[in-house]
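Every read-out reported here was derived from the displayed coordinates using simple, explicitly stated rules and does not represent laboratory data. Small disclaimer: the values here were computed from a predicted structure and weren't measured.
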Amino acid sequence: MKRLQRLLVVVLTVSLINTTMIQSAQAALVSTEEVTRIAAVDQTTSGHARLADAMGRAEVRTEMERLGVDPAFAAERVAALTDEEAGLLADQINSAPAGGDGGIIGAILLVFFVLLITDILGFTKIFPFTRSVR
């Protein structure tokens, strides 16, 4: 009897945990006209407005202060830009990679895999967890 109760408790616990993790998503087709309208709104928004919006975010202000840049001075510099320069800068910010370009991590992974393959082929003996095919 005790064993049956424990089994029932475990099954109920797992099922309750699983039901709380279920998330629903809704998807719908987006028409071409809607996409072009949204793109047109993004294009017509001035670079100054996009930069002011970005600089108004709390994490941007915190990072500027951490780096020793006065947010008021940065806002003055943005206001001094021409519309074309502000648009180009806003486009560069939007197209910049989120976490950096990953060049260093890619290089480290490349070196690791080259050494791993040469270790497996028997040309080197660097990693103790590999066995040579020779």
From the P(r) of segment 32-96, can you give the percent of Cα pairs sitting at distances over 16 Å? 52
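With n ≥ 4 as the cut-off for DSSP H runs, can you work out [θ] at 222 nm for the chain, using -39500 (n - 2.57) per run divided by the number of residues, rounded to the nearest 500? All intermediate terms of the calculation are to be shown ahead of the outcome.
Details: 7 runs with 93 residues, N = 134.
Here the helix-only value at 222 nm equals -22000 deg cm²/dmol.
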Let a ≥ b ≥ c be the square roots of the eigenvalues of the Cα gyration tensor of the chain; is it rounded (a/c under 1.5), or, if not, prolate (a/b larger than b/c) or oblate? oblate
